[in-house]
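The structure under discussion appears below in the form of structure tokens.
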Amino acid sequence: PLCGRRLAWKDNLPLLSFFLLRGKCRYCGGAISPQYPLVEGLTGVFCALALGWFGPGAWGFCYVVFLAGLLTAGAVDWRTGLVPDAVTLPLILLGLAAAALLPGPGWQWALWGALGTAGGLYLVARIFALLRGKEGLGLGDVKLGAVLGAFLGWQGAVWAVLLGAVGGLVFYGARRLLGRMDWDTPVPFAPFLALGGGLSLFLGDWLMAL
């Protein structure tokens, strides 16, 4: 990002390149953000969790992509305030296709999950805009809600949104108490939705049992 140099393959090895280069660009010596190895490491952890939990089959692969997509959407939103369509739209299609083609709950489950979650978040966004006169929830978050519904169904997506909202509220409240932000400071929601989605994927059945 500092010198604009196109990187060679040896500079893009997950985790390994960062440590071999000692956190500095090979070409200009500028510092490489620690976000790169953090995201790469978390992706590896989520991949291992998904394959270990669901097995190295088609659903396991789909959940690897799902978790990697959640991580990407959350990281990009945290840095830029935007949830990229290049992540959410393919994930929606993957979730719907997997539910339709693979053994499981079926395409209706995924379709109603996606429509219901996205519709619910859109309704919340419109009500907030009418009451406050400004946007509180972007369409990127709505599309990410559709991703959650497509992969988790409406019940799993409800848990994801609830856990994400609680996580965001705890973060916001802690920052507020520490004097780091005021009530009008925007907080990216996608990282917390992504966290809620990951927790719901692995703990959704347990939460429903409770």
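Amide H to amide H, which residues 5 or more places from ILE32 or on other chains are under 5 Å from it, using H placed in the peptide plane?
Those qualifying (amide H under 5 Å, at least 5 residues apart or on another chain) are LYS24, CYS25.
Which entry in (i) 193; (ii) 183; (iii) 155 is this structure's computed volume of the Cα convex hull per residue in Å³?
Checking each listed value against the structure points to (iii).
Among PRO14, PRO191, PRO84, which one shows the biggest mean-square fluctuation in a GNM of the chain, springs joining Cα atoms closer than 10 Å?
Fluctuation is largest for PRO14.
With θ set to phi - 60°, apply the Karplus curve 6.51 cos²θ - 1.76 cosθ + 1.60 along segment 70-77 and write out the HN-Hα couplings as whole Hz, x wherever there is a Gly or Pro.
Each residue's phi maps through the Karplus curve to give 4, 4, 5, 4, x, 5, 5, 5 Hz.
Compute, for the chain, the length of the dipole vector about the Cα centre, with Cβ point charges of +1 (Lys, Arg) and -1 (Asp, Glu) only. Units Debye, rounded to 20.
In total the dipole reaches around 680 debye.
Per residue, how many Å² of accessible area does the chain show with a 1.4 Å probe?
Per residue, the chain has an accessible area of 60 Å².
Tell me the carbon and sulfur percent of the accessible area for the chain, rounded to whole percent, probe radius 1.4 Å.
69 percent
Could the peptides 147-157, 88-98 be put in order, highest first, of the mean number of other beta-carbon atoms found within 10 Å of their residues?
Details: 147-157: 26.7, 88-98: 18.8.
The peptides rank, most packed first, as 147-157, 88-98.
Based on the mean of other Cβ atoms within 10 Å per residue, sort peptides 128-139, 159-170 so the most packed one is first.
159-170, 128-139
So what are the ³J(HN,Hα) numbers for segment 186-198, from phi and the Karplus equation (6.51, -1.76, 1.60; θ = phi - 60°), rounded to whole Hz, Gly and Pro as x?
Going residue by residue, I get x, 10, x, 9, 4, x, 7, 4, 5, 4, x, x, x Hz, with x marking Gly and Pro.
The values are calculated or read from the model by the stated rules, or taken from the named source; none is laboratory data. Everything numeric here is computed off the predicted structure, so don't read it as measured data. So basically every Cβ, Gly included, is an ideal-geometry build from the backbone, and we count neighbours across all protein chains shown. Quick note on the areas: whole protein, heavy atoms, side chains included, nothing else; ligands and nucleic acids left out. Shrake-Rupley method; radii C 1.70, N 1.55, O 1.52, S 1.80 Å.
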